[in-house]
Amino acid sequence: MLPTISGHNRAEAIKISRMTPIAAAREIAKIEVEIAKAVEQQPPGARKPSNISNAPPPIKPIGSGKSFEKDLEKMGQKRI
């Protein structure tokens, strides 16, 4: 969270970095509430979801062939 804050407001990030852990957590919680309110006020579809990938669809396997199991009783020590 702090790198995100520092990218937008360096002075705020420096102030938080000098706080005690409890005070820093409280301040970050306040910032999170502000961000959540700002996101709620945006009209639907204003931002493109970031979890959409530009990767091509996965390949379709040709098929599974015949499965093969080796009989461990018939194998020698070198093949195990």
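The values are calculated or read from the model by the stated rules, or taken from the named source; none is laboratory data. In this text, all values refer to a predicted model and were calculated from it rather than measured experimentally. Positions of Cβ are generated from backbone atoms using ideal geometry, with glycine treated the same way; all protein chains shown enter the neighbour counts.
Take the conditions under 24 Å from the mean Cα position of the chain (by Cα), modelled with pLDDT of 85 or more and under 23 Å from GLU12 (Cβ atoms) and apply them to GLU34. Does it pass? Criteria met by GLU34.
Among all residue pairs at least 6 apart or on different chains, which show Cβ distances below 8 Å where the first residue, located in the stretch 19-30, is of a type outside the set (Ser, Thr, Tyr) and the second is part of a helix (DSSP H, G or I)? Between residues of the stretch 19-30 that are of a type outside the set (Ser, Thr, Tyr) and residues that are part of a helix (DSSP H, G or I), the close pairs are MET19/GLU27; ALA24/ILE16; ALA24/SER17; GLU27/LYS15; GLU27/ILE16; ILE28/LEU2; ILE28/ILE5; ILE28/ILE16.
Looking at GLU40, GLU73, just one residue is at pLDDT below 85, acidic (Asp, Glu) and not in a helix (DSSP H, G or I), and that residue is GLU73. Please find, within the stretch 43-69, the residue that is surrounded by the fewest Cβ atoms within 10 Å (Cβ to Cβ) out of those that are at pLDDT 75 or above and not hydrophobic (A, V, I, L, M, F, W, C). Among those that are at pLDDT 75 or above and not hydrophobic (A, V, I, L, M, F, W, C), it is ASN54.
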